[in-house]
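For reference, the structure discussed in these notes is given below.
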Amino acid sequence: RNWTPIREYEEIRFEFWEGIAKITIDRPRWRNAFTPTTVKELSEAFAIARERADIRVIFLTGAGNMAFCSGGDMHVKGLGGYIDAGGVPRLNILDVQKQIRSIPKPVIALVNGYAIGGGHVLQVVCDLSIASENAVFGQTGPRVGSFDAGFGASYLARVVGQKKAREIWFLCRQYKADEALEMGLVNKVVPFESLEDEGVAWAQEIMRLSALAIRMIKAGLNAELDGQAGIQELAGDATMLYYMTEEAQEGGRAFLEKRAPDFNYNKRPS
Ligand code: 2NE
């Protein structure tokens, strides 16, 4: 596949091919642990992927054959967060989690190895997860002085159930790909060499369907869990659809033409 760079970064790769944007965490030396710089770059890439109409599906993966992502980089973990180049402690990965959930396009994790700690939470918040047979899953927070009590707890529990989520966090074990599949943590497991092919096949199947329908269903699936923020997203999509009606167009036209709007349609669905 001829993946074309969308933008050059230091710690991630951001590429495009036939409707798919691929975001790769590119720090294999550290099992693709993220620093505040990695996270800033991820956030920008997701923002671009959201804006670009020719991007229909987004892949999130890790470089190499060892790790998807091993969470926050322990070398820069300091008082109050992961210390950025300017000395400011950050936990900006939480913003990326929110971006992944709210971006109105499917995000597919291609889990190519260890998905551990904050790296595991990243695969949890993706819409779909396809794992290679060598993938390993787990949380480490209580062992290394951290935790994610946000999506990393509540959404994990929605995915695998309360008992399993508590096991994952309270025991900090590692789970193999087939165990992850069994507990519903991933959608499919394939040989490492087939991981991207499988992701592309899923993405192409999705891209043959209605993008708008998929956008609405993603917002609906989130809304139930995300409270007012989730309803706000779904409501925003409803407003977008309303703007596509003659009725909404008439309101704007009437204002500009300084006349009373004519909303007397008799063919509304009842
Ligand atoms: C990922 C795992 C299980 C891999 O094990 P293995 O044996 O394959 O590799 P190894 O030798 O541990 O790692 C290779 C190199 O990568 C570094 C290691 O220190 C090692 O460096 P050298 O000894 O070769 O110099 N490395 C690996 N992960 C790193 C990390 N996260 N930060 C910095 N360097 C890292 C094994 O490496 C592992 O368990 N890694 C740590 C996973 C972890 O605990 N992550 C942080 C969890 S907390 C978090 O991510 C978080 C959160 O809880 C809440 C909010 C935000 C973030």
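List of remarks:
- Cys172, Cys126 arranged by Cβ crowding within 10 Å, fewest neighbours leading: Cys172, Cys126
- Normalised by the number of residues in the stretch 71-200, the average gap of Cα pairs under 8 Å and 6 or more apart makes the relative contact order 24 percent.
- Among the trypsin sites (Lys or Arg not before Pro) within the stretch 1-39, those in coil by DSSP and having at most 14 neighbouring Cβ atoms inside 10 Å are Arg1.
- Among Leu91, Leu79, Leu60, residue whose mean-square fluctuation peaks in a GNM of the chain (springs only between Cα atoms under 10 Å): Leu79
- Length gained on full extension, Glu250 to Arg166: 24.9 nm, using 0.36 nm per residue less the C-alpha separation.
- Taking other C-beta atoms within 10 angstrom as a stand-in for reagent exposure, Ile48, Ile130 fall in the order Ile48, Ile130, fewest first.
- Sorted by Cβ neighbour density within 10 Å, fewest at the top, the residues Asp54, Asp26, Asp197: Asp54, Asp197, Asp26
- Restricting the stretch 203-270 to trypsin sites (Lys or Arg not before Pro) that sit in a DSSP loop and have at most 11 other Cβ atoms within 10 Å of their own Cβ leaves Arg208, Lys258, Arg259, Lys267.
- Loop-located chymotrypsin sites (Phe, Trp or Tyr not before Pro) in the stretch 170-270, at most 15 other Cβ atoms within 10 Å (DSSP): Phe263, Tyr265
- Of all lysines in the structure, the ones whose alpha carbon falls short of 29 Å from that of Lys164, not counting any fewer than 8 places away in one chain, are Lys77, Lys98, Lys105, Lys176, Lys188, Lys218.
- Each residue, Asp197 and Glu8, gets one label point 7 Å from its Cα in the Cβ direction; the gap between the two is 3.3 nm.
- Modelled label reach - Asp95, point 7 Å along Cα→Cβ, the stretch 1-40 residues with backbone N closer than 20 Å: 7-14, 23-26, 33-40
Read-outs: derived from the displayed coordinates by stated rules, not from any lab. Since the model is a prediction, treat every value here as computed from it, not as a measurement. Positions of Cβ are generated from backbone atoms using ideal geometry, with glycine treated the same way; all protein chains shown enter the neighbour counts.
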